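I have placed the structure first, in the form of structure tokens, so that the comments after it can refer back to it.
The values are calculated or read from the model by the stated rules, or taken from the named source; none is laboratory data. These numbers come from a predicted model, not from an experiment. Heads up: the accessible areas ignore ligands, DNA and RNA and are worked out on the full protein's heavy atoms, side chains in. Shrake-Rupley method; radii C 1.70, N 1.55, O 1.52, S 1.80 Å.
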Amino acid sequence: MTLEFKRLTEVDLIDIISLNNNPDVLRQMPLGSADFDLAKAKEWVRQKDAQWQQYGYGPWAFLIDQKFAGWGGLQYENGDADLALVLHPDFWGDGKAIYLEIAKRAFISMGLESITILLPPSRTRIKGIFRLGFQPDAEVDIEGARFQRFRLHAPSKQVPPDS
């Protein structure tokens, strides 16, 4: 498998539109809707890409063997670098490899102290995030939708369990 990270501005908007309208993907995205058209995609990409300038990190497009697999990475969320990973169902088995590269970039290249992940309460199969070291952190409301936030500290900055 050849994995590439590109800026969202470097991939075809049609691929992003198709992914963000995919019914299987939308079931995992409480803030998504099936009316993601070209105009919305252009503005969405502009906003996502602007995070690079503003915060020094932002979402990427993921290509696996030169095919658009999805988008994600680190997004600014109320002071946290929040990890998003939105993959086409054909690439759901590749999520861990992409996550490991994101975490390496977050903690080694960018020197972040922690990253978060937001999951809707409907996501009950979450043992995998605990195996990766994420711990429950808080419940948050984003645009009227409730999420559980989990946090992963940088390997050298692990917080003892009783802290």
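Length gained on full extension, E139 to D90: 14.6 nm, using 0.36 nm per residue less the C-alpha separation.
Greater than 27 Å separation of Cα atoms is the criterion. Which listed pairs, K40/K127; K67/K127; K104/K127; K48/K104, meet it? Beyond 27 Å: K40/K127; K67/K127. The HN-Hα couplings worked out from phi for the range 6-13 by the Karplus form 6.51 cos²θ - 1.76 cosθ + 1.60 (θ = phi - 60°) are 10, 5, 4, 5, 9, 10, 5, 4 Hz, whole numbers, x standing for Gly and Pro. Rg and Dmax over the alpha-carbon atoms of the chain stand at 15.5, 49 Å. Carbon-plus-sulfur accessible fraction, the chain (probe radius 1.4 Å, protein heavy atoms only): 48%.
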